[in-house]
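Structure first, commentary second.
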Amino acid sequence: MLDVPMSATAGIIRHCEELFLDLTFGSARAWKDAEPGRKVIGYMPYYVPREIIHAAGALPLGILGGGDQLEVIHGDAYYQSYICRIPRSTIELGVTGRLDFVDGMLFPSICDVIRNLSGMWQLMFPGMGSRYVDLPQNFDDDVGGVFYQGELNDIREWLAGITGRPITDEAIRASIAVFNESRRLVRELYALRADEPWNVPSSELYLLMRAGLTLPVEDHIALMREYLASVHEQQRPIKDNSRVVVSGAFCEQPPLNLIKSIELSGCYIVDDDFMLINRWEKSAIAIDGDPIANLAHAFLHDSNSTPPKYEPDLAKKGLYLVESVRRNRAEGVIFAMASFCDPALLDRPMLQDVLKQHGVPQIAFKYAENSGQMQPIREQAGTFSDSIKLWSGE
Ligand code: SF4
């Protein structure tokens, strides 16, 4: 067999895949063990203020369920069968000791399931800090802004209680600057994928983004820079694929094979909402002044739209998808949603109406994080891609 040297890109992605597959979170455990007193704070989708966790000197660790590697045995006993899988597999991670090194868990207000999970977590793991993160659904500075600043300060106090030291404004400003750089690189990567999707396959970008939920942000920044530097070292063939936006996968994640199947079926994914937290704010958060006020302002006025986030103006409902289609020169939208995901499935008809009004082709299907049968997905996505090529042309 020929000994072909691995490209730099392949080496980076292999590292990311190892992190992705490691359900014992070995890298986070190693980070914690490297210095006495270090703390790890887990969080669920879709958004938490990671800057404050970082400013506390702790490691933010994204917990996105067990994927298709984990057999759920205990977790099924805690939830009815007609519910998404991520709470069950997260419980499984907890009861099997895979999260026993985590010092605190944050549960954002994405839906009733996660809210209930936060209460169950407190009962099941009383030794681990646990907190519900109430995100504003009113976007007036004087109402939602004041509320959210209070919530951010409460989180700050909660974290200080875990680390045993106060979190200064200066530390939060420094952390905002670090995450601004992280988000800038994520935006650059997304823009590069939209420009050259053959050079930045979505299955690779996905793994690179998942690494950002596990690694310290500084390490992830270095990894993204390395990936960007290595992308053009190899020439990858350009295919006659259709360009699609994937929408609806903002919480429970699809299996990696589903993303690969969409690509193999003849689609270039040019935008997605897999892990919005990596690029939640659309531009840099202000650093000068009150950092808590700056974080709240960015959430209210400069964050991405997604079904769990309320859109107060009905006339604007779903326009973010139309804008994404235009900005990324997409030819259609694939709604890929976790089975039983209320926020995604309840919003879908409204989003579909908006896309219809703007003449954007679309298909929809559901998945579970452990879906194994990809043939139907490949056939649907392949037929969609063909139909775009055949009938959507001018
Ligand atoms: S997949 Fe949907 S319903 Fe399930 S926890 Fe996430 S947001 Fe809630």
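Some observations on this one:
- Where a residue in the range 108-120 is within 14 Å of I83 (Cβ to Cβ) and its partner, wherever it lies, is charged (D, E, K, R) and near the ligand (Cβ under 9 Å from one of its atoms), with Cβ under 7 Å and at least six apart: C111/D342
- The set of residues from the range 29-51 being surrounded by 14 or more Cβ atoms within 10 Å (Cβ to Cβ) and either within 18 Å of the chain's Cα centre (by Cα) or without any contact (Cβ under 8 Å) to a residue 60 or more places away in the chain (or both) comprises R38, I41, G42, Y43, M44, P45, Y46, Y47, V48, P49, R50, E51.
- Residue-level check: of (1) assigned to a loop (DSSP other than H, G, I, E, B); (2) closer than 20 Å to S305 by Cα; (3) more than 16 Å from the ligand (Cβ to nearest atom); (4) not small (G, A, S), N199 misses just (2).
- Qualifying residue in the range 301-323 (condition: among the hydroxyl-bearing types (S, T, Y), more than 29 Å from S387 (Cα to Cα) and open to solvent by less than 10 Å² (accessible area, probe 1.4 Å)): yes
- Per the conditions (1) within 16 Å of the ligand (Cβ to nearest atom); (2) in contact (Cβ under 8 Å) with a residue 40 or more places away in the chain, the sole criterion not satisfied by N294 is (1).
- Candidate set from the range 55-70 (those that are under 18 Å from the mean Cα position of the chain (by Cα) and open to solvent by 20 Å² or more (accessible area, probe 1.4 Å)); member that is farthest from the ligand (Cβ to nearest atom): D68
- From the options S242, S283, residue that is touching a helix residue (DSSP H, G or I) at 6+ places or on another chain (Cβ under 7 Å), of a type in the set (G, A, S) and at pLDDT 95 or above: S242
- Every condition in (1) under 16 Å from S371 (Cα atoms); (2) more than 11 Å from the ligand (Cβ to nearest atom); (3) open to solvent by 10 Å² or more (accessible area, probe 1.4 Å) holds for I73 except the one numbered (1).
Let's see how each residue does on (1) more than 17 Å from the chain's Cα centre (by Cα); (2) surrounded by fewer than 19 Cβ atoms within 10 Å (Cβ to Cβ); (3) part of a helix (DSSP H, G or I):
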residue	(1), (2), (3)
H232	yes, yes, yes
I259	no, no, yes
I262	yes, no, yes
I269	no, no, no
N278	no, no, yes
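The values are calculated or read from the model by the stated rules, or taken from the named source; none is laboratory data. Note that this is a predicted model, so its numbers are computed, not measured. All Cβ positions, glycine included, derive from the backbone under ideal geometry; neighbour counts span all protein chains shown. Note: areas computed on protein heavy atoms with side chains; ligands, DNA, RNA excluded. Shrake-Rupley method; radii C 1.70, N 1.55, O 1.52, S 1.80 Å.
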